[in-house]
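Only the coordinates and a few stated rules stand behind these numbers; no lab work does. Note that this is a predicted model, so its numbers are computed, not measured. Cβ placement follows ideal geometry from the backbone for every residue including glycine, while neighbour counts extend to all protein chains displayed.
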Amino acid sequence: MFAVGLYAWKLLGSIATEPDQVNAHLGSAMPLMMIWVLFPLYGQGAEPKNSPLERLSGRIWRAVVSRTVANVAGVYFAGVALYTMVFPKRASLLVTVTVTLGISVVVAVHKTWGRLRRLTTQMYVNVQTLKRDLNLIHGSETERTGEKQDAARRSWDVVRLDLRTSVDTGYGFGTPVLPMETIDELNEKLEKAITALEDDKEAAMEVLEDLGKIQRACTSWIDSVA
């Protein structure tokens, strides 16, 4: 991230000292376009594969930060591209273009981090509901056990959707909260626990521990008014 910022700063200095070299500046801005497109994908590929629940907070942080850097780099590239088109013909428009792009950066960053706060708050609440439903299964009246089990399954369906949701963007190329393999493992654990809780009140201990890890990963960004 520091390298990206340093490169962008040097490019800005080059534009300031040689404003008429528009073609050279556009060529120099091409790496920023590549960062916009590829940086989040690189982050996904480099994400540690082991112990995703223990690393969940870091996974969420890295996804949002990489998307933020990519979006800023993309707007910066767009600014340089517009500069090459505007400066030779209508230099008076540069201020307007600069202000517009500055606002675009603020909006893009706000949307990304606002999405993070909304998703983590929602996920924390949904996980808490699931934990309560699991705790209600054991000890319930025999004729209502199936009803309590179904309630826990419905709560898990909601949590599973949260876990499959991209943290950093609403599009399909974003980083989901957890990898599908981990979600499938949780699903298997949960189904076994829901079934076993009818006779064993300790059957959900491992699942509850995993759900607690998810909640702890969310706590840093909880915002009930996001």
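Below 8 Å, C-alpha to C-alpha, sequence gap of six or more: please give me the relative contact order for region 108-224 in percent.
Details: 123 pairs, mean separation 43.5, N = 117.
Once normalised by length, the contact order is 37 percent.
What FRET efficiency comes out for residue 171 versus residue 86 if R0 is 30 angstrom and r is the Cβ-Cβ distance? Round to the nearest 0.05.
Numbers: r = 29 Å, r/R0 = 0.98.
That gives a FRET efficiency of 0.55.
Cut-off is 10 Å between beta-carbons; in what order do 33, 85 appear when sorted fewest neighbours first?
Least to most surrounded, the residues fall as 85, 33.
About its Cα centre, what dipole magnitude does the chain give when the only charges are +1 on Lys and Arg Cβ and -1 on Asp and Glu Cβ, stated in debye to the nearest 20? Mind dumping the intermediate values first?
Values: 25 positive and 25 negative charges, 243 e Å.
Using Cβ point charges on Lys, Arg, Asp and Glu, the chain gives about 1160 debye.
Please report, ordered by residue number, every helix of the chain (full DSSP H runs) that is 27 Å or longer along its axis going by C-alpha atoms and whose mean Kyte-Doolittle hydropathy reaches -0.5.
On the way: long enough: 22-46 (35 Å, 0.98); 56-86 (45 Å, 0.98); 94-137 (65 Å, 0.50); 142-164 (34 Å, -1.36).
Helices passing the filter in the chain: 22-46, 56-86, 94-137.
Percentage of Cα-Cα pair distances in region 119-221 greater than 16 Å, rounded to whole percent?
Numbers: 2906 of 5253 pairs.
Taking all Cα-Cα pairs of region 119-221, the fraction more than 16 Å apart is 55 percent.
Can you give me the C-alpha center-to-center distance between region 160-226 and region 37-70, rounded to a whole angstrom?
Here the two parts' Cα centres lie 17 Å apart.
Roughly how many debye, to the nearest 20, is the charge dipole of region 119-221 about its Cα centre, given +1 on each Lys and Arg Cβ, -1 on each Asp and Glu Cβ, and no other charges?
Numbers: 13 positive and 20 negative charges, 89 e Å.
Dipole about the Cα centre, nearest 20: 420 debye.
What is the Cα coordinate range of the chain on the first, second and third principal axes, sorted by size from largest, in whole angstrom?
That gives 81, 33, 24 Å along the principal axes, largest extent first.
Would you mind ranking 138, 110 by Cβ crowding within 10 Å, fewest neighbours first? Don't skip to the end; give the middle numbers.
Values: 138 17, 110 10.
By the 10 Å Cβ count, ascending, the order reads 110, 138.
When you count, for each residue, the other Cβ atoms within 10 Å and take the mean per peptide, how do 176-189, 58-71 rank with the highest first?
Details: 176-189: 16.0, 58-71: 20.6.
So the order, starting with the most tightly packed, is 58-71, 176-189.
Only helical DSSP H runs with n ≥ 4 go in: add -39500 (n - 2.57) per run for the chain, normalise by residue count and round the 222 nm mean residue ellipticity to 500 deg cm²/dmol.
Numbers: 7 runs with 170 residues, N = 226.
Result for the chain, helices only: -26500 deg cm²/dmol.
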